[in-house]
Amino acid sequence: MDRMHWNTKALNRADRLARSRHALRGQLVGKQVATEAIGTLLEAALEPNDRVCLEGNNQKQADFLAAALVQVDPQRVHGLHMVQSVLALPEHLDIFENGIARRLDFSFSGPQGARLAKLVSAGAIEIGAIHTYLELFARYFVDLTPKVALITAHAADAAGNLYTGPNTEDTPAIVEATAFSGGIVIAQVNEIVDGNTTTLPRIDIPGDWVDFVVQAPRPNFIEPLFTRDPAQISEIQVLMAMMAIKGIYAEYGVQRLNHGIGFDTAAIELLLPTYGESLGLKGKICRHWALNPHPALIPAIEAGWVESIHSFGSELGMEDYIRARADVFFTGADGSLRSNRAFCQAAGHYACDLFIGSTLQIDLDGNSSTATLGRIAGFGGAPNMGADARGRRHASPAWLKAGREARAGRGGASGTPRGQKLVVQTVETFREHMQPAFVERLDAWTLQEQAGMELPPIMIYGEDVTHILTEEGIANLLLCRSDAEREQAIRGVAGYTAVGLGRDRRMVENLRDRGIIRRPEDLGIDPRDATRNLLAARSMRDLVRASHGLYTPPKRFRNW
Amino acid sequence: MSNLTPGLESLDFSFTGQRQAGRFEPVLVGVVGSGNLEVMLEPASGIECTIHIETSARGFGPIWEAVVRDFHQRHPLGGVRVSMNDMGATPAVVSLRLDQAVSELPA
């Protein structure tokens, strides 16, 4: 670092811009780069060992720029340090195979998790760390600031202003960090408007933060991750949803919440206007959400349950519905959704009283993880949603009640009054193919050994989990007063898994007497009432009907 | 045993009932489909509750035993034959179907 000069970033930026303009010549008009010249631009603007964000979101992907980066000359561009939230496309790993990139800091690798694990063990990728979304965005402003950001938006105008469309997602966080630290921002867009006869619906990213714009030959890829077909929701999931609503949401008066992805939580969403209504809970629970626009929430929105929803991203097919329900969703003056992953993660962490989500494995301490052997996947936002916000200071009845339960009878620092976030893990005791959800030892420990990680990849720590919900009942871990009680509370809802069969029956009955374990019958729920007829929509078609034809489902779905 | 479909496992259990089921029309609930099962209850002579299981998921005998033992503790019926055709239902679904079937019996 040369501290005789204080403008090295600006000089370096000017160099890169000059090199790029020179290389592009007639293929650059204003900020607009000819589509076929993208390789020229990347080779001119990038320098070896640059820190680069290749925008990979949970949903939308800068797929054209990803494909172009794979094609650059490794003699000129190599050793890149990639800092992006999601590795979704094969190209995100191809660049490591051909030496263009070397180091990786990320949050979630979903579909690429198995290949990532192979490349790491072959020494082709150096992983800095696996972060939560919020954590990675935070590091963009501390020690992982991108030098070059390769982003994607729906449209640009001649000045380089960008309209992201409803899937704003990570873009504002990435561009803010890059543009205000002397970096270069290159955007792929689906269309370009001239700014006179055609204009952007709104401006999501101001043009003076954007250096180059290139029109992609195809619209950017967006994955419909949050669509769940109600036809696939089982009676057991209905039963568990009834227990969640009556035994947790109503019990604590949960007004503000976040739902994880999956059929378990879709079942809850679809039971609000039916079962929830029959319990007289409308207006008393589930009014404010940090949530992607889940199609399964349409019936509850239509029935007047929902006051507000802020979203991390959007969901394909929900655009017109969102536009028509602008009182509920965060929309621009143009009418379309503005999502924002960074803000929504902050909202979920600090302003929600409950998170409920599913997992693959839970151990006897209540630690849970979706990490499986042979895959390095990360957890995206779940650890922030599913963690008590220790910095929170505002009170709400749900938060205070959870805090009271956790602290009753305790003295000293651990008895100091404060609230606690409700963190619920909902699992059927056996997953498909009779894989037990309850285990003595998480696969995460073996994965830690295999991949040489410093810590086992645990998604939600047992210390943060307040309730475990299975078809057998609810275990309230807030009320447990020892590790032994906690273990038996978990065994007591673990059904016929080896962990469940290993319970101390007398101790479990004692926990039940104290309300730490509650069975469906303790909650006044008859499992035989848990039929699919309780679902406010039983098919995709029902959802479309509930939306008055405004929701147009995508062609394919993905199970979690 | 010769007419068993390859891959199917056959399990049998028997419990002594404390309450006779009496006479009733056979009861059938559930469907044979992936992750689901069919449960049939028929009257039988004697005081036993016999349970016959045909399952596509092999190697889960101890879990079946625990599931049907708990079932018989909830409903200590005698004079009844329970037959199940299973295609990989979880214990939760099995217990639910058994309870649904019993609730169809005359009170």
- Message: Against the conditions (1) in contact with a Ser or Thr (Cβ under 9 Å, 6 or more places away or on another chain); (2) closer than 26 Å to residue A:437 by Cα, where does residue A:367 fall short? Just the number, please.
- Response: (1)
- Failed criterion for residue A:458 (all others in (1) of a type in the set (A, V, I, L, M); (2) surrounded by fewer than 16 Cβ atoms within 10 Å (Cβ to Cβ); (3) under 30 Å from residue A:108 (Cβ atoms) hold): (2)
- Message: Among the residues of the range A:370-426, what is the count of those that are of a type in the set (Lys, Arg) and touching a residue at least 40 places away in the same chain (Cβ under 8 Å)?
- Response: 4
- Message: So, residue A:408, is that one of a type in the set (A, V, I, L, M), over 22 Å from the mean Cα position of the chain (by Cα), more than 14 Å from every other protein chain (Cβ to nearest Cβ) and surrounded by 14 or more Cβ atoms within 10 Å (Cβ to Cβ) or not?
- Response: no
- Query: Taking the stated definitions as given, is residue B:29 within 13 Å of another protein chain (Cβ to nearest Cβ), touching a strand residue (DSSP E or B) at 6+ places or on another chain (Cβ under 8 Å) and under 22 Å from residue A:429 (Cβ atoms)?
  - Reply: yes
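Answer with yes or no whether residue A:379 is touching a strand residue (DSSP E or B) at 6+ places or on another chain (Cβ under 9 Å), buried (at least 24 other Cβ atoms within 10 Å of the Cβ) and among the aromatic types (Phe, Trp, Tyr). It would help to see each step written out before you state the result.
Details: touching a strand residue (DSSP E or B) at 6+ places or on another chain (Cβ under 9 Å): yes; buried (at least 24 other Cβ atoms within 10 Å of the Cβ): no; among the aromatic types (Phe, Trp, Tyr): yes.
The answer is no for residue A:379.
Report, by residue number, each residue of the range A:337-353 that is buried (at least 24 other Cβ atoms within 10 Å of the Cβ) and either of a type in the set (Ser, Thr, Tyr) or in contact with a strand residue (DSSP E or B) (Cβ under 8 Å, 6 or more places away or on another chain) (or both).
Step one: filter the range A:337-353 for residues buried (at least 24 other Cβ atoms within 10 Å of the Cβ), giving A:337, A:339, A:341, A:344, A:348-349, A:352-353.
Within the range A:337-353, A:337, A:339, A:344, A:348, A:352, A:353 qualify.
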- Task: Would you check if there is a residue in the range A:501-508 being under 17 Å from residue A:365 (Cα atoms) and touching a Leu at 6+ places or on another chain (Cβ under 9 Å)?
- Result: no
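If you check A:119, A:65, A:69, A:93, which single one turns out to be at pLDDT 95 or above and more than 17 Å from residue A:43 (Cβ to Cβ)? Spell out how you get there, then give the answer.
Values: A:119 fails: at pLDDT 95 or above; A:65 fails: more than 17 Å from residue A:43 (Cβ to Cβ); A:69 fails: more than 17 Å from residue A:43 (Cβ to Cβ).
Residue meeting the stated conditions: A:93.
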- Could you give every pair whose Cβ atoms fall below 9 Å, whose first residue belongs to the range A:520-536 and is at positive phi and more than 14 Å from chain B (Cβ to nearest Cβ), and whose second residue is surrounded by 14 or more Cβ atoms within 10 Å (Cβ to Cβ) and in a loop (DSSP other than H, G, I, E, B), counting only separations of at least 6 or pairs across chains? none
- What are the residues in the range A:299-354 that are under 14 Å from residue A:288 (Cα atoms) and not hydrophobic (A, V, I, L, M, F, W, C), if any? A:304, A:307, A:308, A:310, A:311, A:327, A:348, A:349, A:350, A:353
- Message: Checking the condition within 21 Å of residue A:498 (Cα to Cα) and either under 11 Å from the mean Cα position of the chain (by Cα) or more than 11 Å from chain A (Cβ to nearest Cβ) (or both), which residue from B:68, B:102 passes?
- Response: B:68
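Does the range A:129-146 include one or more residues that are assigned to a helix (DSSP H, G or I), among the basic types (Lys, Arg) and under 19 Å from the mean Cα position of the chain (by Cα)?
First pass over the range A:129-146, keeping only residues assigned to a helix (DSSP H, G or I): A:133-140.
Restricting the remaining residues to those that are among the basic types (Lys, Arg) gives A:139.
Right, trim to under 19 Å from the mean Cα position of the chain (by Cα) and you get A:139.
There is at least one residue in the range A:129-146 that is assigned to a helix (DSSP H, G or I), among the basic types (Lys, Arg) and under 19 Å from the mean Cα position of the chain (by Cα).
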- Message: Just to be sure before I move on: is residue B:92 without any contact (Cβ under 8 Å) to a residue 40 or more places away in the chain and either more than 9 Å from chain A (Cβ to nearest Cβ) or in a strand (DSSP E or B) (or both) in the structure I sent?
- Response: no
- Of the residues in the range A:511-560, those that are touching a Ser or Thr at 6+ places or on another chain (Cβ under 7 Å) and outside any loop (DSSP other than H, G, I, E, B) come to A:528, A:534
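I want to confirm something. Restricting to the range A:24-41 and keeping residues that are more than 10 Å from residue A:216 (Cα to Cα) and charged (D, E, K, R), which single residue is surrounded by the fewest Cβ atoms within 10 Å (Cβ to Cβ)?
Our first condition is that a residue be more than 10 Å from residue A:216 (Cα to Cα); within the range A:24-41, this holds for A:24-33, A:37, A:39-41.
Within this subset, residues satisfying the condition of being charged (D, E, K, R) are A:25, A:31.
Numbers: A:25: 9, A:31: 22.
Selected residue: A:25.
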- Query: Among (1) away from chain B (no Cβ under 14 Å); (2) crowded, with 20+ Cβ neighbours inside 10 Å; (3) under 15 Å from residue A:365 (Cβ atoms), where does residue A:438 come up short?
  - Reply: (1)
- So residue B:17 clears everything in (1) within 27 Å of residue A:501 (Cα to Cα); (2) within 14 Å of another protein chain (Cβ to nearest Cβ) except one condition, right? Which one? (2)
- Odd one out for residue A:334 among (1) part of a loop (DSSP other than H, G, I, E, B); (2) free of Cβ contacts under 8 Å to residues at least 40 places away in the same chain: (2)
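Could you say whether any residue in the range A:458-465 is touching a Phe, Trp or Tyr at 6+ places or on another chain (Cβ under 6 Å), at pLDDT 95 or above and away from chain B (no Cβ under 14 Å)?
Pass one, the range A:458-465, residues touching a Phe, Trp or Tyr at 6+ places or on another chain (Cβ under 6 Å): A:459.
Add one more test, that the residue is at pLDDT 95 or above, and what stays is A:459.
Within this subset, residues satisfying the condition of being away from chain B (no Cβ under 14 Å) are A:459.
Yes - at least one qualifying residue is present in the range A:458-465.
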- residue B:60 vs. criteria surrounded by 17 or more Cβ atoms within 10 Å (Cβ to Cβ) and either touching a Cys at 6+ places or on another chain (Cβ under 6 Å) or more than 20 Å from residue B:27 (Cβ to Cβ) (or both): yes
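Of the residues A:446, A:429, only one is in contact (Cβ under 8 Å) with a residue 12 or more places away in the chain, at negative phi and more than 14 Å from every other protein chain (Cβ to nearest Cβ); which?
A:446
If I filter the range A:79-98 for residues that are of a type in the set (Val, Ile, Thr) and either assigned to a helix (DSSP H, G or I) or more than 30 Å from residue A:294 (Cα to Cα) (or both), do I get at least one hit?
Restricting attention to the range A:79-98, the residues satisfying the condition of being of a type in the set (Val, Ile, Thr) are A:83, A:86, A:95.
From what is left, the residues that are either assigned to a helix (DSSP H, G or I) or more than 30 Å from residue A:294 (Cα to Cα) (or both) are A:95.
Yes - at least one qualifying residue is present in the range A:79-98.
If you go through the range A:192-200 one residue at a time, do you hit one that is hydrophobic (A, V, I, L, M, F, W, C) and either within 27 Å of the chain's Cα centre (by Cα) or under 30 Å from residue A:110 (Cα atoms) (or both)?
Initial filter on the range A:192-200 (hydrophobic (A, V, I, L, M, F, W, C)): A:192-193, A:200.
Right, trim to either within 27 Å of the chain's Cα centre (by Cα) or under 30 Å from residue A:110 (Cα atoms) (or both) and you get none.
Looking for residues that are hydrophobic (A, V, I, L, M, F, W, C) and either within 27 Å of the chain's Cα centre (by Cα) or under 30 Å from residue A:110 (Cα atoms) (or both), one finds none in the range A:192-200, hence no.
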- Query: Hey, among the residues in the range B:71-86 that are within 12 Å of chain A (Cβ to nearest Cβ) and surrounded by 16 or more Cβ atoms within 10 Å (Cβ to Cβ), which one's farthest from residue A:469 (Cα to Cα)?
  - Reply: B:86
- Task: Test residue B:97 against the stated conditions and say whether it is assigned to a loop (DSSP other than H, G, I, E, B) and within 11 Å of chain A (Cβ to nearest Cβ).
- Result: no
- Message: Can you go through A:21, A:76, A:3, A:13 and tell me which one is among the basic types (Lys, Arg), at pLDDT 95 or above and more than 16 Å from residue A:185 (Cβ to Cβ)?
- Response: A:76
- Message: Can you find, within the range A:482-519, the residue that is farthest from the other protein chains (Cβ to nearest Cβ) among those that are more than 26 Å from residue B:60 (Cα to Cα) and among the small types (Gly, Ala, Ser)?
- Response: A:482
- Between residues in the range A:203-228 that are at positive phi and residues that are aliphatic (A, V, I, L, M), which pairs lie under 9 Å by C-beta distance while being six or more apart or on different chains? none
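The values are calculated or read from the model by the stated rules, or taken from the named source; none is laboratory data. Note that the structure is predicted; figures quoted are calculated from it, not measured. For neighbour counting, all protein chains shown are included, and Cβ atoms are generated from backbone atoms with ideal geometry for every residue, glycine included.
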